[in-house]
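So the structure is just underneath, and the comments pick up after that.
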Amino acid sequence: MRLRNWIAVVVSVVLLIAAGAVGVLVNRSALHAIDTVHRADTQALAVNNTTLSGQMQLMTAAELMVLAKATPFRLTRGNAADRSALGQFVTKTNVLKYGAALSELDGTVLNATRTTGLPLLKDEGFDLMRSLVAKGEPGFSKVIDVEGVAIEAVAIPLARAGKPVAMLVGFMEFAKTPLQGYVEKLSDNTHLTELIDSDGRIGFSSDGRKIGTTINPAVAAVAGHATEPTFVNFTSADKTAMIAMVVPGMPGGWSYVRSQSVASFSGAVYSKSQTLNVTLLAMLLIGVIGITMLGYRTQIQRRRSDERFQALFQHAPDLVSVLDPTGRIAFASPSAASLLNVPSGSMQGTSVFDILHPEDRERIQAAFAGLLGERDGVKRMQSRVFNADGTFRWFEITASNKLHNRALAGIVINARDVSENRAFQERLTHEALHDALTGLPNRRRMQDALDSTLSKDAVAVLFVDLDGFKPVNDMHGHEAGDELLRQVAGRLSSCVRAEDVLARVGGDEFVVLMPGIYDQADADAMTARVCAAIETPFLVHGSEVTIGASVGVHLAAPREDSDVVLRAADHAMYAVKKAGGGRRARVEPEPVRVGRHRASD
């Protein structure tokens, strides 16, 4: 009997050791899979934020390009007209408020809005910027300290005869830029978001106090030579183990860095893993009491394991689910209830395609079908998902084929709510196609609409130039001029039809596109309404202001060249202007060179 008991004890210990070894291996495998997904999600989020930040930098250069296109700079030292144009630009811009300058390609300043507080453009910190401009590309400087203020320079080439001959440079103070505001919105208590130059100096940070300082040398070293997103482990000044996601490739050699402590990055996963291992050891010791306890302890362990993973998914901010090959939901994390406002557990057994927006459903189904044939395949996509209240939110979806994995046996979905990022991207797109002062479509948007209409229909083009606008600016100031332009835009908007396009294409110039108009009388009627609306006195800052309008009209046939159409309307407007203004004129298109031409006054 005693020998049997020892045999039973030995058997129970052996079985527990085997079960413990299996448990450790399973735990390690699950930990590795979760860590892989977590790292992939972190990298995807960082790349997305890097792209948005880079687009915002390029939009700053685009502002300078608009100024360069609209202003015939003389490029002579100290030229008053050039300085005035630079000053007006700095007054209106939301980003390059620190100042603007014109310089030669070697950095010799020709003109500037400031007499003090500007860095030397010949400084080595501008070498990369100058070299890019010399190639005809926008350039971005490193972090520059000027009298205790951290600034960045953005430059574009000014060409003559197709070759860069000078630079138009804008300066921004990092702490006062929209990009800094965006970076601050990315902050939370667990991580720090920063944008650094090629020397490792911080230009933008979710902690504004770090602007102008230097990032950890280990991170700077990786950012200096990395060609793809890279994780970096380093130790902070207070001896805390840290991990950073470094994404290179931003304009001017800048990089995106998202850093946090290793403890916060790993989170509850590693803590629960250690707890599991300790529990397995405890079960090994307990096993000596007899084989009869083995089954009981195994059940306890299974229940505890389920509770651990349930706790992990319960507190995960992302939606995690497992789909069968038909797209039905076999498992959904508890976070789905709060994200989609549905009862907990109600999604199991339903088709994931039923909650997708109809416009996205076919595209997602095609991607899902392709993923089924890719072992260990991963696809990333974005889609709108309906809430229980009927609204929808944008989710970034990572789908992994784990059908061959017995523990999962399905398509693993990790979805993150990116509605705010999508809204931000859509706002950037809107701002790129609309005039900031009046909110009307800008020249680019108007040109696209004209090209689209001419491809299939006739269009009447009205080119409107305000008469007497400059005296208003001279007498009442630019703020009054801006207010007058906004009121003019409002009145013109009330004149046009729902299908018409009204755009502001220059300082006091507007264009009205009237699709489907063949009859001169219809265009004349619109011209009369426009003139009557503008000739009615305006009340600007308490003063009554009276102006007029010169309107040029061109009736364009389908498939007519849009550049010729615009120049014809422009010539017609200048004919009216030359004749005294306030009347209509129509001229036939002339065989002129591609480009914009104006009639002389």
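The values are calculated or read from the model by the stated rules, or taken from the named source; none is laboratory data. Everything numeric here is computed off the predicted structure, so don't read it as measured data. Don't worry about glycine lacking a Cβ; one is built from the backbone with ideal geometry, like all the others, and counts go over all protein chains shown. Side chains included, ligands, DNA and RNA excluded: accessible areas come from the protein's heavy atoms. Shrake-Rupley method; radii C 1.70, N 1.55, O 1.52, S 1.80 Å.
Of note:
- Filtering the range 71-92 to residues that are more than 14 Å from Gly507 (Cβ to Cβ), surrounded by 13 or more Cβ atoms within 10 Å (Cβ to Cβ) and aliphatic (A, V, I, L, M) leaves Leu75, Ala81, Leu86, Val90.
- Among the residues making up the range 397-443, those that are among the charged types (D, E, K, R) and at pLDDT below 80 are Arg406, Arg416, Asp417, Glu420, Arg422, Glu426, Arg427, Glu431.
- For the range 98-123, filtering for residues that are among the acidic types (Asp, Glu) and in contact with a Lys or Arg (Cβ under 7 Å, 6 or more places away or on another chain) leaves 1.
- Hits in the range 167-202 - residues which are within 24 Å of Phe265 (Cα to Cα) and touching a Leu at 6+ places or on another chain (Cβ under 8 Å): Tyr182, Val183, Thr193, Leu195, Ile202
A quick yes/no check of all residues on (1) within 20 Å of Leu128 (Cβ to Cβ); (2) in contact with a Phe, Trp or Tyr (Cβ under 6 Å, 6 or more places away or on another chain):
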| position | (1), (2) |
| --- | --- |
| Asn189 | no, no |
| Asp197 | yes, yes |
| Ile215 | yes, no |
| Ala221 | yes, no |
| Glu228 | no, no |
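- Restricting attention to the range 93-131 and to residues that are in contact (Cβ under 8 Å) with a residue 60 or more places away in the chain and open to solvent by 10 Å² or more (accessible area, probe 1.4 Å), the residue that is nearest to Leu437 (Cα to Cα) turns out to be Asn94.
- Among the residues making up the range 235-260, those that are open to solvent by 30 Å² or more (accessible area, probe 1.4 Å) and in contact (Cβ under 8 Å) with a residue 24 or more places away in the chain are Met242, Gly249, Gly253, Arg258.
- Any hit, the range 61-70, residues being open to solvent by 50 Å² or more (accessible area, probe 1.4 Å), of a type in the set (D, E, K, R) and assigned to a helix (DSSP H, G or I): yes
- Only strands (runs of 3 or more DSSP E) whose full extent lies in the range 519-601 are considered here, and none of them has at least 3 residues that are basic (Lys, Arg), modelled with pLDDT of 85 or more and surrounded by fewer than 21 Cβ atoms within 10 Å (Cβ to Cβ).
- Residue match in the range 146-164 (condition: within 22 Å of Ser53 (Cβ to Cβ) and either without any contact (Cβ under 8 Å) to a residue 12 or more places away in the chain or open to solvent by 10 Å² or more (accessible area, probe 1.4 Å) (or both)): yes
- Selection of the range 216-230 for residues being surrounded by 14 or more Cβ atoms within 10 Å (Cβ to Cβ), within 24 Å of the chain's Cα centre (by Cα) and either modelled with pLDDT of 90 or more or more than 25 Å from Leu179 (Cβ to Cβ) (or both) yields Pro229, Thr230.
- Strands (runs of 3 or more DSSP E) within the range 72-179 that include 1 or more residues acidic (Asp, Glu): 99-104, 144-146, 149-160, 163-173
- Of residues in the range 369-412 being free of Cβ contacts under 8 Å to residues at least 40 places away in the same chain and β-branched (Val, Ile, Thr), the one most open to solvent (accessible area, probe 1.4 Å): Thr391
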